[in-house]
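Just below is one structure, and these are the notes that go with it.
The values are calculated or read from the model by the stated rules, or taken from the named source; none is laboratory data. Predicted model only: the values in this text are computed from it and were never measured. Counting neighbours? That spans all protein chains shown, and the Cβs are built from the backbone with ideal geometry, glycine included. Ligands, DNA and RNA are excluded from the accessible area calculation, which covers all protein heavy atoms including side chains. Shrake-Rupley method; radii C 1.70, N 1.55, O 1.52, S 1.80 Å.
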Amino acid sequence: MTIFFLSLVLSSFLAGAQTPEPAPQPKSSPPNKPSFIPFPILFSQPETGFGYGLAILPVYRLGADTLTRPSNARLLLYRTTEKQSAIQLTHNIFTAGEKLIISGELSYYYAFPVNYYGFGPGTALDDNSKIQYSLLIFNQRVLRRVVPHLFAGLQYRLTNLSDVRINTGTEDGRPSPLELRPLRERTQTTVSSGIGPSFLYDNRDNILSSFHGNYLEVSALFNGGALGSDNAFGRYQLDARHFQPLFRSERTILALQLLAQFHGGYVPFRELANLGGASQLRGYYEGRYRDRQLLAAQAEVRHHLFWRLNGAVFGGIGQVGDSLDSFGEGGLKVAGGGGIRFQFNRHDRLNARLDYGVGRGGSSGVYFSIGEAF
């Protein structure tokens with residue numbers, strides 16, 4: 001989903017123009033006081049029409065030492081002229097001394113429309129149909145520090161998919177690809193509930209916009225009837241990222257990511273791995289390609305231009321398939337593009353970014369979001 005935070009950027013721009021560069025922080029300072037001032041947001045997209053709402057983006061530090069990285073949260077509330085609405089709350093909390101990392105999401109989408117192309121690596125643009133659903137997402141992860149930079153713990157994820165509707169068939173008059181899924185996915189509420197272990201190595205200098213360090217997450221999620229899930233399936237994920245300055249200067253940063261997601265068992269269509277969107281393979285519609293298995297890699301070069309403005313160029317490659325053997329079908333998905341970042345919080349390096357990405361087959365997208373893609 002593409003969201004244009006026009007009022008947010010304007011407000012930050014005007015405020016930033018009058019705010020001097022913050023003084024260097026002492027080695028020991030009191031915890032930051034987060035700001036809960038809401039910003040108005042405006043956006044538009046073909047599926048929803050014009051939308052409006054509010055955003056709250058607090059950044060704060062728990063602990064009196066600068067070794068504890070800043071925590072952050074994001075709360076979005078919006079409504080559209082097509083009478084869709086959503087509430088999104090995400091958070092990343094580092095307790096004092098980084099003894100715990102607590103992260104998660106609580107979101108609700110009401111009558112939200114999406115483009116659905118079916119599943120598999122060989123779907124075509126003509127396979128697109130319009131569907132909509134209401135969706136509740138609750139995801140929570142609690143990790144405890146084992147040794148410096150290494151954390152281990154549990155995660156729980158609940159999704160409740162309801163009111164699924166097929167608004168139109170494909171552009172050439174064929175039934176929606178969703179008709180190929182089991183009837184129960186289209187006629188009743190589908191609950192997915194799973195729990196599993198999560199292991200994380202994270203020595204990034206800043207989680208909002210990293211200059212140095214590595215991030216490696218290995219996790220598993222087991223959904224089953226004992227947890228209230230309508231379907232039994234497992235999800236296994238690896239997310240590896242690397243950040244380093246180029247040319248011996250922090251003005252230019254190289255960011256790399258490798259993402260792998262594998263599923264076993266029966267996976268509802270909304271829980272399949274998918275390519276595209278504002279975070280990976282920008283240039284493809286989010287969920288343009290869905291299937292049980294996914295591999296993707298992307299690289300981004302971020303360069304400070306002047307004042308609060310940074311530029312970026314990026315590229316990515318990925319594939320989905322029912323199994324690893326089917327990754328050769330449909331051709332690899334390749335995307336690339338560039339963008340601008342506006343650093344409206346210089347102290348914590350929190351950016352608003354505007355990206356334009358292009359994929360194969362005439363696919364493209366404009367993305368305006370808060371924070372880096374990865």
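Here's the yes/no breakdown for (1) touching a Ser or Thr at 6+ places or on another chain (Cβ under 7 Å); (2) surrounded by fewer than 19 Cβ atoms within 10 Å (Cβ to Cβ); (3) without any contact (Cβ under 8 Å) to a residue 12 or more places away in the chain; (4) assigned to a strand (DSSP E or B):
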site: Gln244; (1), (2), (3), (4): no, yes, no, yes
site: His263; (1), (2), (3), (4): no, no, no, yes
site: Arg282; (1), (2), (3), (4): no, no, no, no
site: Ala296; (1), (2), (3), (4): no, no, no, yes
site: Val301; (1), (2), (3), (4): yes, yes, no, yes
site: Ala312; (1), (2), (3), (4): no, no, no, yes
site: Gln319; (1), (2), (3), (4): no, no, no, yes
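Sort out which residues of segment 199-213 are open to solvent by 10 Å² or more (accessible area, probe 1.4 Å), more than 27 Å from His304 (Cβ to Cβ) and either of a type outside the set (Ser, Thr, Tyr) or outside any strand (DSSP E or B) (or both), and write them in order of number. Selection gives Phe199 alone.
Restricting attention to segment 332-353, the residues that are surrounded by fewer than 19 Cβ atoms within 10 Å (Cβ to Cβ) and without any contact (Cβ under 8 Å) to a residue 40 or more places away in the chain add up to 4. Among the candidates Ala240, Ala278, the residue that is under 18 Å from the mean Cα position of the chain (by Cα) and assigned to a strand (DSSP E or B) is uniquely Ala240. Kindly indicate whether any position in segment 218-236 is small (Gly, Ala, Ser), in contact (Cβ under 8 Å) with a residue 60 or more places away in the chain and over 16 Å from Thr190 (Cα atoms). The answer is yes; a qualifying residue exists.
Can you report the number of residues in segment 84-97 which are in contact with a Lys or Arg (Cβ under 6 Å, 6 or more places away or on another chain) and at positive phi?
0
Open to solvent by less than 70 Å² (accessible area, probe 1.4 Å), under 25 Å from Tyr356 (Cα atoms), at pLDDT 50 or above and of a type in the set (Lys, Arg): does that describe Arg69? It is false that Arg69 is open to solvent by less than 70 Å² (accessible area, probe 1.4 Å), under 25 Å from Tyr356 (Cα atoms), at pLDDT 50 or above and of a type in the set (Lys, Arg). Could you say which residue among Gly63, Gly16 is modelled with pLDDT under 75 and at positive phi? Exactly one of Gly63, Gly16 is modelled with pLDDT under 75 and at positive phi, namely Gly63.
Counting the residues of segment 160-175 that are assigned to a strand (DSSP E or B) and either in contact with a Cys (Cβ under 8 Å, 6 or more places away or on another chain) or basic (Lys, Arg) (or both) gives 1. Of the residues that sit in segment 161-190 and are open to solvent by 50 Å² or more (accessible area, probe 1.4 Å) and hydrophobic (A, V, I, L, M, F, W, C), which one is nearest to Tyr133 (Cα to Cα)? Going through the qualifying residues, I end up with Ile166.
Given the condition crowded, with 18+ Cβ neighbours inside 10 Å, among the small types (Gly, Ala, Ser) and under 23 Å from Gly321 (Cα atoms), answer yes or no: does some residue in segment 214-234 qualify? Yes, the conditions are met somewhere in segment 214-234. Within segment 113-159, the residues that satisfy the criterion of being assigned to a strand (DSSP E or B), more than 19 Å from Gln237 (Cα to Cα) and open to solvent by less than 50 Å² (accessible area, probe 1.4 Å) are Pro113, Val114, Asn115, Tyr116, Ser129, Ile131, Gln132, Tyr133, Ser134, Leu135.
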